Amino acid sequence: MTRLEQLASRLPEQRDGALVISQCNRRYLTGFPSSAGWVLVTQNKSYFLTDFRYIEAARRRVRGAECRMVTAVCPALLELCRFHGLERIYVEGSLPVRELTALQKGLPGIAVEAGEGLDGWLSSLRLVKSADELEKIKEAQALTEYGFDHILPLIRPGRTEREIALDLEFLIRRQGAEGVAFDFIVVSGQNSSLPHGVPGDKAVEPGDFVTMDFGAVVDGWHSDMTRTVAVGRVSEEQKRVYETVLQAQLAALEALKAGLSCVQGDAAAREIIAAAGYGDCFGHGTGHGVGMEIHEEPRLSPSAAGQILQSGSVVTVEPGIYLPGRFGVRIEDMVYITETGCENLTHCEKGLIELEG
Ligand code: ZN
Ligand code: ZN
């Protein structure tokens, strides 16, 4: 079954339809990226509505839906709703109020329901990756690893965080990525204690940790990886913190499998960091799902009560220790959850790499 058919099968009644508007979910369902479009899903048939700018490309690339060009969307939708006898349309909870109101006005006699229903069906689909989807994520990760291998020789004292971040992006895009998964984080020295610091003019200095968090996009599918490397000689304390993060990460990797609660998955890493005395220095969740978005379900976090890991999910495992004003370490791999454990999709070295400095 295609993703569109799977969504259609979740509609409770024959007279129900789903209207998917967010860029990300439209692409997820049809494989086609565009800034404007509407996917109408009914139990019998699906439609992709878009305007003149995209219609030709849509007809070539949209899978599983009939493409129609529209100038005004509501009249076209209303006609399709009447044709299929629809009385209720589910839309995403993320839809801006302005657009929701316009739909309610433009579709007289049709109940437009935002949130819960459609959001739940889409997130349950997106939680479990198909073989093809996993393949794309692996391709994105391969580009990420290419970037890592090629950036190492370009990290040396005097080069700024910004230069390193741009070089990394250039390497990954030139190698064939559709784009970058997010604004890369490259932080060095005392900036490395900022989990989501922005690369700036600070130059790398001997004795710095350099933390790089980055990823690529292939056909809309993301990858996510973090490595912290040392430049020149680093202190015993830096090495100890690095080793603690590594042990925490390995413990979580060991623990993850289908059926484990997301809170337990988080705790596997967190307990090791706490036992080493750094409990207060790890203020974010241990991991998150990755797919059409860089952060999606499930979350490995102390606040993910009730969530259970499912076979087929792709999640990151990224504990860190951040000592404010001093330095920080984060190590992040991406894994595929199976019944018996997890397959690590990340192959880059994790032992402390000490670059010349
Ligand atoms: Zn990351
Ligand atoms: Zn991440």
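Only one of (1) farther than 15 Å from LEU86 by Cα; (2) in contact (Cβ under 8 Å) with a residue 24 or more places away in the chain is not met by GLN23, so which one is it? In the conditions (1) farther than 15 Å from LEU86 by Cα; (2) in contact (Cβ under 8 Å) with a residue 24 or more places away in the chain, GLN23 misses (2) alone. Among the residues of this structure, ALA251 does not count as one that is over 22 Å from GLY351 (Cβ atoms), modelled with pLDDT of 95 or more and away from ligand 2 (no atom under 13 Å from the Cβ). All conditions but one from (1) of a type in the set (D, E, K, R); (2) more than 13 Å from SER193 (Cα to Cα); (3) surrounded by 19 or more Cβ atoms within 10 Å (Cβ to Cβ) apply to ARG330; the one that does not is (2).
Considering only segment 268-277, I want to know if a residue exists there that is over 25 Å from TYR242 (Cα atoms), more than 19 Å from the chain's Cα centre (by Cα) and in the same structural domain as GLY220 (by TED's automatic domain parsing). So that I can check it myself, show each step before the final result.
Here is the first cut: in segment 268-277, the ones over 25 Å from TYR242 (Cα atoms) are none.
No, segment 268-277 contains no residue that is over 25 Å from TYR242 (Cα atoms), more than 19 Å from the chain's Cα centre (by Cα) and in the same structural domain as GLY220 (by TED's automatic domain parsing).
Filtered by the rule that a residue be within 17 Å of the chain's Cα centre (by Cα), surrounded by 18 or more Cβ atoms within 10 Å (Cβ to Cβ) and not hydrophobic (A, V, I, L, M, F, W, C), segment 337-357 gives a lone residue, THR346.
So, of the residues in segment 150-204 that are assigned to a strand (DSSP E or B) and within 16 Å of ligand 2 (Cβ to nearest atom), which turns out to be farthest from VAL217 (Cα to Cα)? Selected residue: VAL187.
Whenever a residue of segment 224-244 is at positive phi and within 16 Å of ligand 2 (Cβ to nearest atom), it has no partner that is in a helix (DSSP H, G or I) and at pLDDT below 95 lying with C-beta atoms less than 9 angstrom away and at least six residues away or across chains.
Here is a yes/no grid of residues against (1) buried (at least 16 other Cβ atoms within 10 Å of the Cβ); (2) more than 16 Å from ligand 1 (Cβ to nearest atom):
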residue	(1), (2)
ALA177	yes, no
ALA181	yes, no
PHE184	yes, no
SER188	yes, yes
ARG233	no, yes
THR244	yes, yes
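So is SER130 among the small types (Gly, Ala, Ser), out of contact with any His (no Cβ under 8 Å at 6 or more places or on another chain) and farther than 18 Å from ASP219 by Cβ or not? No.
Residues that are within 13 Å of ligand 1 (Cβ to nearest atom) and of a type in the set (A, V, I, L, M) were ranked within segment 269-299; the one that is nearest to SER124 (Cα to Cα) is VAL290.
The values are calculated or read from the model by the stated rules, or taken from the named source; none is laboratory data. Quick caveat: nothing in here was measured; it's all calculated off a predicted structure. Note: ideal-geometry Cβ built from the backbone for every residue, glycine included; neighbour counts use all protein chains shown.
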